[in-house]
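What follows is a set of notes on a single structure, which appears directly below.
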Amino acid sequence: MKNFINSGDIINYQYLLNEINKHKNDKSDLSFIGKNKVIGLLFFNPSLRTRLSTQKAAMNLGFKSIVMNFRDDGWQLEFDENIIMSGNKAEHVKDAAKVISQYCDILGIRAFAELKHKEIDNSDKIINSFVKYATIPILNLESSIAHPLQALADAATINENINTNNPKIVLSWAPHPKPLPHAVANSFINMCKINNYDLTITNPKGYDLSKKITEGIQIINDQELAFKNADLIYAKNWSSYDQYGKVLLNDDSWIINENKMKLTNNAFFMHCLPIRRNVVVTDSVLDSNRSLVIQQANNRTYATQTILKELISNEK
Ligand code: CP
């Protein structure tokens, strides 16, 4: 694997899930893998899980890590080509990427969608510019349109908990006061497609995700109907894709609560976190013994370890 930008970069998903299981359960010293190697992490947006689990994964493999809050501490970057840089942007990504490539052996980047211009977000400008100009592997720590490390940890969590053949998985839109990006939902759907999971999406009218992503997946606008006999409810908010970046629904009619979970086949509950309690989901569901959110967050470390190992092995 040269870079890890999308779930499609994984050649053998099942192999990686087995590797995650090994990394989680085998506590032998793996520090030889990243010995004398440096991972750089550039954050254009906040993070708890991604930042800490990536550093922990790097430590477990013997890497040293350098972390930079780029939006606050870096020069404002120019991404357009052949431009006269007489405005506010002090450094071109072409130069920044080449410079960082001398300091690091792998570079992780978090750069969310700005939710202002669909075409710009869909081009995944920041991460793809680093892919273009860096000379080291690039790791997606959540870009405008994809969060494949989260999806990989989610797949590992599903593997650990659901043994039934062909479980019914429901990705449910849930309320949120702020407009949120589509990256987590996109990558969860792609991961389910790759693994041939029985996925249903439920969202209010006006909240359908990109047709390119949802192609071939059933979308139901009646949340309670979708929940019937589900084995897993994966909750996530996203802003409207059609009315790009807009919040169209401000009430709590789509909150995930105990009554809705009773319609399911005693389903597990998953969410990538962070989560707004009693807005997205009630405390009673989130704190129940069917909630897997803390395990999901734990699996981020081992999912990232497998990817770092793949990326650095490719370098040798
Ligand atoms: N799930 C996730 O990516 O969490 P953070 O935004 O805290 O990194």
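Among the residues of segment 155-171, those identified as assigned to a strand (DSSP E or B) and either farther than 23 Å from Val281 by Cβ or not basic (Lys, Arg) (or both) are Ile169, Val170, Leu171.
Scan segment 219-239 for residues that are of a type in the set (Asp, Glu) and open to solvent by 60 Å² or more (accessible area, probe 1.4 Å) and the total you get is 2. The helices (runs of 4 or more DSSP H) found entirely in segment 92-154 that carry 2 or more residues being open to solvent by less than 10 Å² (accessible area, probe 1.4 Å), among the hydrophobic types (A, V, I, L, M, F, W, C) and outside the structural domain of His271 (by TED's automatic domain parsing) are 93-103, 125-133. Elements of the type strands (runs of 3 or more DSSP E) sitting completely within segment 172-245 and holding at least 1 residues that are within 16 Å of the ligand (Cβ to nearest atom): these cover 232-236. Of the listed requirements (1) in contact (Cβ under 8 Å) with a residue 12 or more places away in the chain; (2) open to solvent by 30 Å² or more (accessible area, probe 1.4 Å); (3) over 15 Å from the mean Cα position of the chain (by Cα), Pro175 misses just one: (2). Residues of segment 44-60 being touching a helix residue (DSSP H, G or I) at 6+ places or on another chain (Cβ under 6 Å), among the hydrophobic types (A, V, I, L, M, F, W, C) and either within 8 Å of the ligand (Cβ to nearest atom) or not in a helix (DSSP H, G or I) (or both), which ones? Selection gives Phe44 alone. For Asp242, are the conditions met, namely being open to solvent by 60 Å² or more (accessible area, probe 1.4 Å) and either at pLDDT 95 or above or more than 19 Å from Asn122 (Cβ to Cβ) (or both)? In short, yes. Per the conditions (1) open to solvent by 60 Å² or more (accessible area, probe 1.4 Å); (2) touching a strand residue (DSSP E or B) at 6+ places or on another chain (Cβ under 8 Å), the sole criterion not satisfied by Arg277 is (2).
The values are calculated or read from the model by the stated rules, or taken from the named source; none is laboratory data. In this text the structure is predicted, and so the values were computed from the model without any measurement. Glycine gets a Cβ as well: all are built from the backbone with ideal geometry, and neighbour counts include every protein chain shown. Ligands, DNA and RNA are stripped out before the accessible areas are found, and what is left, the full protein with its side chains, is counted by its heavy atoms. Shrake-Rupley method; radii C 1.70, N 1.55, O 1.52, S 1.80 Å.
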